[in-house]
Protein chains: 2
Amino acid sequence: MQKIITGFFLSFLFLLQATAQDTVDIQIMNLIREQGLKNSKIELFAHHLTDGSGPRLTNSPGYNRALQWLISISKEFNFSNPRKEAWGEFGKGWSNEYSALNMRTPYFEDIIAYPVPWTLGTTKPAMAEVALIDALDSASIDKLGANIKGKIVMVKPANRPLNFPFQPLAKRYGDSSLDHLPPTYMFARSEIEAFVPYLKAEYYTKLYLAKKGAVALLNSNRGSRDGTVFVQGATSYAKGYAATLPEMTMSIETAMRIARLIQNKQKVSLELNVNNRFYNDDLTGYNFVAEIPGTDPVLKNEVVMLGGHLDSWTGGTGATDNAAGCIVMMEAMRILNALPVKPKRTIRIALWGGEEQGLYGSFGYVKKHFGNPADMQLKPEQQKISAYYNLDNGTGKIRGIYAQGNEAVVPIFRNWLAPFTDLGANGGVTLSSTGSTDHVSFDAVGIPGFQFIQDPMEYETRTHHSNMDTYEHLSIPDLQQAAVIVAAFVYNTAMRTELMPRKPLPKAERFVFDFDFPL
Amino acid sequence: MQKIITGFFLSFLFLLQATAQDTVDIQIMNLIREQGLKNSKIELFAHHLTDGSGPRLTNSPGYNRALQWLISISKEFNFSNPRKEAWGEFGKGWSNEYSALNMRTPYFEDIIAYPVPWTLGTTKPAMAEVALIDALDSASIDKLGANIKGKIVMVKPANRPLNFPFQPLAKRYGDSSLDHLPPTYMFARSEIEAFVPYLKAEYYTKLYLAKKGAVALLNSNRGSRDGTVFVQGATSYAKGYAATLPEMTMSIETAMRIARLIQNKQKVSLELNVNNRFYNDDLTGYNFVAEIPGTDPVLKNEVVMLGGHLDSWTGGTGATDNAAGCIVMMEAMRILNALPVKPKRTIRIALWGGEEQGLYGSFGYVKKHFGNPADMQLKPEQQKISAYYNLDNGTGKIRGIYAQGNEAVVPIFRNWLAPFTDLGANGGVTLSSTGSTDHVSFDAVGIPGFQFIQDPMEYETRTHHSNMDTYEHLSIPDLQQAAVIVAAFVYNTAMRTELMPRKPLPKAERFVFDFDFPL
């Protein structure tokens, strides 16, 4: 019916397709809104995925706690077939079981510092003097000669003042349109390839540092300030990689103080005690998957997917990166399952592992179910999935969506956002792409994969990979709003006559994050 | 000469007095500016008073390190008679020699936490479960019954979300006049008196908590966020006070997480190991004092004073509260002593102890040299001091000055600021008073005591009594500017014909912070 009408107006093809087929069912939209705002379980999901689990580094005890909890809460909420699903080999699990970094000379300070994931612990508590190196390279190490033996080595922080926070650390997008938001977080494979030699050099330099007898390595890095410390790990999860020497990322204020003391001929001694545990018994990586079965006899074989990554770094409890996405997606599932609606297509949530190391969980899932972009030999399931919706830009409410270069979805998404403009989803649809998270894995094999536009809040300034990525840095009302909008998008996708329109199939090309290990 | 002229224009008395007597010597002002901006030693003073000394709690090793360093650097810079001068009895010294607070169940976390000054340490490392109490009072303790024995007790943090930092955490005053800046940090004695019963109740509650067998007390407080923790101490420095049980102030994010875990029936165990050391051998309090002798045969017996408090709390290294003031005052002394100027009056720097506990060092000095406001029996020296200039509002540059209700100084100060408006000292002079720091001790006995208006920067949001009160939160250029202006004010005060005009003597009244201990 819709097709006959639209055939008369070819120049308005996309717009009218959308208007005819994608007029939203306001009654259902209102039910979703009411269920999401009045009966919210956001706090329940948030507490258990952050406070309850702890850091959720892939294959760590925290990750596994979260997985188990997701399966059990999914059963409580009657999701179908909640399970962990293997996506391939990830590598070693790791967790920090004890850590302390204290200044002992010239006076005591309990230093704000965190072990770098997948580095070694100390075999026993170590008390050692600090030696400064100019940069993390073998020339800088050699400059210290035999003096490096038995030392805690610190890379000299840049001697420049911190900026005072005259600008707000948190922000929301204003009310003007986001239709022309430029691309964000996009990397070309060539850019990542250019970075690989640095990663490799860094890895071998750390092995060299250990060989020269250094006790440990300290670093302090980008954006650290005020007790907020950004911590992320290296490549040693992979089977071929030996773990490097004990390494901690510390408060920039204390790092700069230590550097000044040493430059003023004051000996600085630190006490270091780190117990890191590696888990080698199961190198397989797992995603969490659950469903709401479709009810249409034919369309139930087609699938709408929603997800975000479950894994995190270790400084905090991965609240905004990306418990937030998992919380919203679980709540969207709960909302839809709680309502007397009968989605025609099957709805499937997937919460991914290994995202922080290179979108592994989603890419592994895509390879297993849909095909490998390297050869573009696609599997039958690739034809049965309508769209994948992702959320991974922190705790801010949904303001719009990236159409990821798919012109045909723009008018559809505009219609779908319209009922929620009063909730702040008034930014619109940008044709731009966004990258560096899991919808990219779907996009790579020609499946419509989308990420929502969220208010930035303090994601880049405070929480993204930091020790402050904790529950208190979530905005519960923002997450409630996001769950309502995701539930609406998923429902609409599950109900429309056609699968979501697709872009032309991309040319066969190795996936942007697909590299061989060891490097 | 000036007096004859001004006698004709009684209605413009103050203004013309200022104009005639207080026209500044621009050549000297430029020498001061050049010495301060081109040959600055701000970084030297800053490094040694923060990094080098560590926390400078009154009578602690850090305070004594700072005192000793000040004496030795004063000798290097040829200040006269640098010395420590006793001001009376303070009480016990205290320092934290080791501290660790770790979550062990349900997973490990090295918690950002600091021992509360003058509380006890643990006798041995303690592993204990956390028990929540609603408030720090005996009723809340009794509600837990015998269950409190062996527990680490935490006051339940208010269950309200943290505010996102949509406003800048640091600010400067704009370019409009500050002449009508309202009073700041002013407390009446009656307000402080009303607060004493709370302090007293809190003290006895802590003794009660220990008696009930609690292992330690944890709190989290105002403004804590992002790894910044505000830590200050209690009353137990005073001779009559027994130290209370081990107590730590911790990250609000972790405190709230622990509270949620417990409310969700998850047992939380913490490991606590604190070694605090008390120093009882010398209960005397000391200030640092040094001089530049006056050169006028008569006026050299009169004194201009400048100062700030040297003591700090313990979370950081007291950089903005108030190494900043000490750095600026030492640099102002250095500038004046380095120039070929011959100040008529004697210039005396005093850096105070015990300010944080109630302006003790400055009040003790004032009582000893000038008289006690309680009876207003003044000593001869009270007639010989022209003014006292104080700096204690953080690291921001000087924008103007509080005239502290002294109308006669307003036009004088306007003239003195005028040569420095291009450096940002363009805010002017407010007649308003500011309180809570050491010029108040002078004001109480009728001596003109002033505090400068400084750009607020991040003083209230980040550094004031926090673990982030460290060197990196100083602005070196701002402190350079402040030292130039202080040097100019001190020089002008030392050179003018008359002592600075005084307000009428206040009525005899017990000093605002003068209370008997024990309470």
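The values are calculated or read from the model by the stated rules, or taken from the named source; none is laboratory data. Everything numeric in this text was worked out from a predicted model, so none of it was measured. Virtual Cβ from ideal backbone geometry, glycine too; neighbours counted across all protein chains shown. Surface areas here come from the heavy atoms of the whole protein model, side chains and all, with no ligands, DNA or RNA. Shrake-Rupley method; radii C 1.70, N 1.55, O 1.52, S 1.80 Å.
Kindly indicate which of B:ALA66, B:ALA86 is in a strand (DSSP E or B), in contact (Cβ under 8 Å) with a residue 60 or more places away in the chain and more than 9 Å from chain A (Cβ to nearest Cβ).
Working: B:ALA66 fails: in a strand (DSSP E or B).
Step by step, each of B:ALA66, B:ALA86 is checked, and only B:ALA86 is in a strand (DSSP E or B), in contact (Cβ under 8 Å) with a residue 60 or more places away in the chain and more than 9 Å from chain A (Cβ to nearest Cβ).
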With the requirement that a residue be more than 8 Å from chain A (Cβ to nearest Cβ) and not in a strand (DSSP E or B), what does the stretch B:263-274 give you?
B:GLN263, B:LYS265, B:LYS267, B:VAL268
Just give me the residues in the stretch B:221-243 being within 14 Å of chain A (Cβ to nearest Cβ) and open to solvent by 30 Å² or more (accessible area, probe 1.4 Å), in sequence order.
B:GLY223
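Among the residues of the stretch A:89-106, which ones are within 14 Å of another protein chain (Cβ to nearest Cβ) and either open to solvent by less than 20 Å² (accessible area, probe 1.4 Å) or within 22 Å of A:ARG277 (Cβ to Cβ) (or both)? Please lay out each step first, then the result.
Step one: list which residues in the stretch A:89-106 are within 14 Å of another protein chain (Cβ to nearest Cβ), which gives A:93-106.
Of everything in the stretch A:89-106, those that are within 14 Å of another protein chain (Cβ to nearest Cβ) and either open to solvent by less than 20 Å² (accessible area, probe 1.4 Å) or within 22 Å of A:ARG277 (Cβ to Cβ) (or both) turn out to be A:GLY93, A:TRP94, A:SER95, A:ASN96, A:GLU97, A:TYR98, A:SER99, A:ALA100, A:LEU101, A:ASN102, A:MET103.
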Residue that is farthest from B:PHE515 (Cα to Cα), among those in the stretch B:183-204 that are open to solvent by less than 80 Å² (accessible area, probe 1.4 Å) and not in a helix (DSSP H, G or I):
B:THR184
Just to be sure I understand the filter: pairs with C-beta atoms under 7 Å, separated by 6 or more residues or on different chains, first member in the stretch A:144-171 and more than 14 Å from every other protein chain (Cβ to nearest Cβ) and outside any loop (DSSP other than H, G, I, E, B), second member open to solvent by less than 50 Å² (accessible area, probe 1.4 Å) and of a type outside the set (A, V, I, L, M, F, W, C). Which pairs pass?
A:ILE148/A:GLY213; A:VAL155/A:ASN219
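So if I check each of A:LYS300, A:LYS267, which one is in the same structural domain as A:TRP118 (by TED's automatic domain parsing), modelled with pLDDT of 95 or more and more than 26 Å from the chain's Cα centre (by Cα)?
Details: A:LYS300 fails: in the same structural domain as A:TRP118 (by TED's automatic domain parsing).
So the residue among A:LYS300, A:LYS267 that is in the same structural domain as A:TRP118 (by TED's automatic domain parsing), modelled with pLDDT of 95 or more and more than 26 Å from the chain's Cα centre (by Cα) is A:LYS267.
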Only one of these conditions is not met by A:ILE252: (1) over 18 Å from A:TYR114 (Cα atoms); (2) touching a Leu at 6+ places or on another chain (Cβ under 8 Å). Which number is it?
(1)
From A:THR430, A:THR421, grab the single residue that is polar (S, T, N, Q) and more than 30 Å from A:GLY371 (Cβ to Cβ).
A:THR421
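May I ask you to verify whether A:PRO117 is more than 30 Å from A:GLY428 (Cβ to Cβ), surrounded by 14 or more Cβ atoms within 10 Å (Cβ to Cβ), modelled with pLDDT under 95 and within 14 Å of chain B (Cβ to nearest Cβ)? Full working, then the answer.
Numbers: more than 30 Å from A:GLY428 (Cβ to Cβ): yes; surrounded by 14 or more Cβ atoms within 10 Å (Cβ to Cβ): yes; modelled with pLDDT under 95: no; within 14 Å of chain B (Cβ to nearest Cβ): yes.
Considered against the rule, which asks whether it is more than 30 Å from A:GLY428 (Cβ to Cβ), surrounded by 14 or more Cβ atoms within 10 Å (Cβ to Cβ), modelled with pLDDT under 95 and within 14 Å of chain B (Cβ to nearest Cβ), A:PRO117 comes out as no.
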Any residue that is in contact with a helix residue (DSSP H, G or I) (Cβ under 6 Å, 6 or more places away or on another chain), among the hydroxyl-bearing types (Ser, Thr, Tyr) and open to solvent by 30 Å² or more (accessible area, probe 1.4 Å) - is there at least one of those in the stretch B:162-177?
no
Which one of these is open to solvent by 10 Å² or more (accessible area, probe 1.4 Å), of a type outside the set (A, V, I, L, M) and in a strand (DSSP E or B): B:ARG260, B:ARG277?
B:ARG277
Single match in B:GLY308, B:GLY223, B:GLY240 (criterion: assigned by TED's automatic domain parsing to the domain that holds B:ILE73 and not in a helix (DSSP H, G or I)):
B:GLY308
Against the conditions (1) over 24 Å from A:GLN454 (Cα atoms); (2) assigned to a loop (DSSP other than H, G, I, E, B), where does A:TRP313 fall short? Just the number, please.
(1)
Failed criterion for B:HIS473 (all others in (1) more than 10 Å from every other protein chain (Cβ to nearest Cβ); (2) open to solvent by less than 20 Å² (accessible area, probe 1.4 Å) hold):
(1)
Residue among B:ALA290, B:ALA238 that alone is over 28 Å from B:PHE515 (Cβ atoms) and within 24 Å of the chain's Cα centre (by Cα):
B:ALA290
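Name the one entry in A:THR314, A:THR295, A:THR320 that is over 30 Å from A:LYS342 (Cβ atoms), open to solvent by 10 Å² or more (accessible area, probe 1.4 Å), among the polar types (S, T, N, Q) and in the same structural domain as A:LYS344 (by TED's automatic domain parsing). Give the derivation first.
Values: A:THR295 fails: over 30 Å from A:LYS342 (Cβ atoms); A:THR320 fails: open to solvent by 10 Å² or more (accessible area, probe 1.4 Å).
So the residue among A:THR314, A:THR295, A:THR320 that is over 30 Å from A:LYS342 (Cβ atoms), open to solvent by 10 Å² or more (accessible area, probe 1.4 Å), among the polar types (S, T, N, Q) and in the same structural domain as A:LYS344 (by TED's automatic domain parsing) is A:THR314.
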Residues in the stretch B:431-486 that are over 27 Å from B:GLY54 (Cα atoms), over 16 Å from the mean Cα position of the chain (by Cα) and part of a helix (DSSP H, G or I): how many?
2
